[in-house]
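Inspection log for the structure reproduced underneath, given as structure tokens.
No value in this document is a laboratory result; all are computed from the given coordinates. These numbers were taken from a predicted model, which means no experiment stands behind them. Cβ atoms come from the backbone with ideal geometry, glycine included; neighbour counts cover every protein chain shown.
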Amino acid sequence: MSTPTPQRLPGRARPRKEVLGECEAEVARMRERLPQVLWAFVIPDLALVFRWRVQLDCGCVLEVLTREDETPPHEVQWQEHAHGSDLPHGQMICWHDDSPAPPYRVIDEWGERREVTFPADPVEPRDDTDPKVWSLIRHDEPHTSAFWRVKLACGHSEEAVAPSLDWTPASGPHRADPQRVQQMSAEFEEAWRTNPELQTQRDREHTRRMLADGWPSPQLERLCYTCPQVRMIMAYERVGWLVPRPRKTETRARVTPRPSRSALERRLQRAEAEAKHLRAELDQLE
């Protein structure tokens with residue numbers, strides 16, 4: 001893919017005062033939430049904020065802000081909002097209702113861990129869950145699960161649930177007994193035959209991959225909900241500083257006009273007369 005280029009984009013930028021007012025309101029809210037000792041590290045100096053417009057591969061034109069004017073938008077790592085993680089360079093989030101379903105991606109890295117405690121599950125199953133299945137997976141007591149931040153092969157972040165609280169990535173995935181996996185494969189194939197709408201083609205292929213891998217726990221793939229909404233920056237336009245900078249006063253160097261020939265001759269005559277007078281005085285002293 002070619003490198004995005006600066007160019008004039010369709011449409012016009014929003015009024016600067018409108019954008020500045022929104023930024024000032026956000027800064028005020030941040031100052032209310034954060035202790036003053038953190039202001040200098042977290043709250044941007046609006047006098048150093050630069051405005052851009054970017055065109056994405058979906059055709060949308062967005063306005064973005066950076067903390068300086070030297071790094072173009074496609075070289076900045078923008079964040080996705082679900083987990084607050086950085087996107088790969090050149091990508092931005094742009095939501096579309098007609099985006100495709102999230103794809104499965106292989107887990108490349110395991111990151112931070114957190115624990116979440118859940119209350120006991122209700123006796124009645126959810127509308128989308130079979131009562132027999134619900135009776136097997138239901139927790140009748142409060143329980144705690146470990147969630148791991150994972151980085152997928154596409155470069156985006158999601159969370160994966162660990163099989164137990166003491167599980168770590170160094171432990172590796174646990175795999176089911178080969179005979180049980182063979183039995184599960186037959187059961188899935190029969191379920192798909194009798195109920196073709198039980199799973200989508202995407203989920204069916206994922207299930208087959210997990211069965212072929214011995215039904216690992218935790219699973220080595222996760223749905224990426226970022227991929228369907230991520231867009232590539234195709235072009236960008238400089239808008240200007242959020243806060244106008246004072247104009248620099250240009251100090252023009254004074255140019256001494258070149259003297260005419262006659263003026264130079266008169267100066268030479270005066271200098272020669274003065275030199276003649278000084279020689280005379282020196283002769284008298286001698």
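Once you keep just the Cα pairs under 8 angstrom separated by 6 or more residues, what percentage relative contact order results for the chain?
Details: 364 pairs, mean separation 78.8, N = 286.
Averaging sequence separation for qualifying contacts and normalising by length gives 28 percent for the chain.
What's the center-to-center distance, using Cα atoms, between the stretch 214-244 and the stretch 80-126 in Å?
12
Cross-link partners among aspartates and glutamates for residue 132, C-alpha distance below 13 Å, same-chain residues fewer than 8 apart left out?
Cross-link targets: 124.
Just rank 236, 225, 104, fewest to most, by other beta-carbon atoms within 10 angstrom.
Values: 236 21, 225 15, 104 18.
Final ranking by Cβ density, sparse to dense: 225, 104, 236.
State the volume of the convex hull built on the alpha-carbon positions of the chain, expressed per residue in Å³ and rounded to an integer.
Working: hull volume 100.9 nm³, N = 286.
Value for the chain: 353 Å³ per residue.
Tell me, which cysteines of the chain are without a disulfide-compatible partner by the Cβ under 4.7 Å rule?
Result for the chain is 23, 58, 60, 94, 154, no neighbouring Cys Cβ within the cutoff.
Calculate for the chain the 222 nm mean residue ellipticity that helices alone would give, adding -39,500 (n - 2.57) per DSSP H run of length 4 or more and normalising by residue count, nearest 500 deg cm²/dmol. Mind dumping the intermediate values first?
Numbers: 6 runs with 83 residues, N = 286.
Result for the chain: -9500 deg cm²/dmol, rounded to the nearest 500.
Can you tell me the dipole magnitude for the stretch 175-215 around its Cα centre, using point charges on the Cβ only (Lys, Arg +1; Asp, Glu -1), in Debye to the nearest 20?
Dipole size: approximately 120 debye.
What order do you get for 48, 62 when you list them from fewest to most C-beta neighbours inside 10 Å?
Working: 48 14, 62 17.
Least to most surrounded, the residues fall as 48, 62.
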